[in-house]
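J.: Before I ask anything, let me first share the structure, which is written out below as structure tokens.
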Amino acid sequence: MTGERRRDRALYVEILIDAPIDRVWELTQNPENHVRWDGRFTGIRPTRLRDDGAQEFDYELDLRLHTIHGTGVSLGERRGRSGERTSALVFDTDDALSPLGRGRGYWRYIPTEHGVRFLTGYDYAPGWGPLGRVLDPIVTRRIVWWLTAWSFDRLRLWAEDGVPPEETGWWRSLLPGRRPRARASRCLSRPRRTNGRTIMQNAPDSLAGLDS
């Protein structure tokens, strides 16, 4: 591993989903579907559609004792080479209790003969002030990666086998018996090839437009 890759703290998660790309697109781009499998959100509410097609939204994460609220903008595109699709995102929150501050990221949908390579790269500024900056590389970032990867496998089970995400919640995995279980370990944590580029340098061009 090169020094450049060691310094690349952006999160990367990739999973292969043996399902049609239109199915994966629908389960990830529709806000009502998205919150069912993605453990990072409990609510996504579209608020305004921009002239360029970018969608503004409010999001929330209900932690029982506290609900984190934030805002974001996303833009999905289906015009990639060889049938690839992308989705770019920026998000932010002024909630002092959120471990994540402003962030940006992307999804890529890459068709292959074995299914869709569904992957994400994203980075963020830590919340919680100085304490958050200390905890982020050793605790927070590891938890956020695990939660993202576990969520991706819930999506895979839904797209491939029709298993509703409600049946693969984390607490169900603690119950005895044979049942579908989502596992973060089924995901990659680093790209197969980098070509000397960082995770965020491999973002689609549409992300730069959202940042501006």
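J.: Given the conditions (1) at pLDDT 95 or above; (2) more than 27 Å from R78 (Cα to Cα); (3) buried (at least 16 other Cβ atoms within 10 Å of the Cβ), report the number of the one that R142 does not fulfil.
T.: (3)
J.: Among the residues in the stretch 110-129, are any surrounded by fewer than 21 Cβ atoms within 10 Å (Cβ to Cβ), of a type in the set (D, E) and without any contact (Cβ under 8 Å) to a residue 24 or more places away in the chain?
T.: yes
J.: Considering only the stretch 3-49, state which residues are hydroxyl-bearing (S, T, Y), at pLDDT 95 or above and within 25 Å of L157 (Cα to Cα).
T.: Restricting attention to the stretch 3-49, the residues satisfying the condition of being hydroxyl-bearing (S, T, Y) are 12, 28, 42, 47.
With at pLDDT 95 or above added as a condition, the list becomes 12, 28, 47.
Result: Y12, T28.
J.: Could you list, in sequence order, the residues of the stretch 63-87 that are of a type in the set (A, V, I, L, M, F, W, C), part of a strand (DSSP E or B) and over 16 Å from P31 (Cα atoms)? Write out each step before concluding.
T.: Taking the stretch 63-87 first, the residues of a type in the set (A, V, I, L, M, F, W, C) are 63, 65, 68, 73, 75.
Those left that are additionally part of a strand (DSSP E or B): 68, 73, 75.
I68 - this is the single residue of the stretch 63-87 that is of a type in the set (A, V, I, L, M, F, W, C), part of a strand (DSSP E or B) and over 16 Å from P31 (Cα atoms).
J.: Is there any pair linking a residue in the stretch 171-186 that is at negative phi and at pLDDT 90 or above to one that is open to solvent by less than 70 Å² (accessible area, probe 1.4 Å) and assigned to a loop (DSSP other than H, G, I, E, B), with Cβ under 7 Å and at least six apart or on different chains, and which?
T.: Between residues of the stretch 171-186 that are at negative phi and at pLDDT 90 or above and residues that are open to solvent by less than 70 Å² (accessible area, probe 1.4 Å) and assigned to a loop (DSSP other than H, G, I, E, B), the close pairs are A182/T168.
J.: Hey, among E14, E60, E56, E32, which residue is outside any loop (DSSP other than H, G, I, E, B) and within 18 Å of A208 (Cα to Cα)? Quick ask: steps written out before the conclusion?
T.: Values: E14 fails: within 18 Å of A208 (Cα to Cα); E60 fails: within 18 Å of A208 (Cα to Cα); E32 fails: within 18 Å of A208 (Cα to Cα).
Of the residues listed, the single one that is outside any loop (DSSP other than H, G, I, E, B) and within 18 Å of A208 (Cα to Cα) is E56.
J.: For the stretch 88-109, give me each residue that is more than 18 Å from L147 (Cβ to Cβ), free of Cβ contacts under 8 Å to residues at least 60 places away in the same chain and either part of a strand (DSSP E or B) or open to solvent by less than 30 Å² (accessible area, probe 1.4 Å) (or both).
T.: D92, R102
J.: Of the conditions (1) among the acidic types (D, E); (2) free of Cβ contacts under 8 Å to residues at least 40 places away in the same chain; (3) open to solvent by 70 Å² or more (accessible area, probe 1.4 Å), E60 satisfies every one except a single condition; which number is it?
T.: Only one criterion in (1) among the acidic types (D, E); (2) free of Cβ contacts under 8 Å to residues at least 40 places away in the same chain; (3) open to solvent by 70 Å² or more (accessible area, probe 1.4 Å) is unmet by E60, namely (3).
J.: Moving to a separate point now. Tell me, yes or no, whether the stretch 164-182 has at least one residue that is exposed (fewer than 14 other Cβ atoms within 10 Å of the Cβ) and aromatic (F, W, Y).
T.: For the stretch 164-182, residues exposed (fewer than 14 other Cβ atoms within 10 Å of the Cβ) and aromatic (F, W, Y): present.
J.: Looking only at residues that are crowded, with 16+ Cβ neighbours inside 10 Å and within 17 Å of the chain's Cα centre (by Cα) in the stretch 41-57, which one is nearest to A184 (Cα to Cα)?
T.: Taking the stretch 41-57 first, the residues crowded, with 16+ Cβ neighbours inside 10 Å are 41, 44, 54-55, 57.
Subsequent filtering for residues that are within 17 Å of the chain's Cα centre (by Cα) retains 41, 44, 55, 57.
Details: F41: 17, I44: 23, Q55: 29, F57: 27 Å.
Of everything passing the filter in the stretch 41-57, F41 is nearest to A184 (Cα to Cα).
The values are calculated or read from the model by the stated rules, or taken from the named source; none is laboratory data. As the structure is a prediction and not an experimental result, all values here were calculated from the model. FYI the Cβ positions are ideal-geometry reconstructions off the backbone, even for glycines, and counts take in every protein chain you see. Heads up: the accessible areas ignore ligands, DNA and RNA and are worked out on the full protein's heavy atoms, side chains in. Shrake-Rupley method; radii C 1.70, N 1.55, O 1.52, S 1.80 Å.
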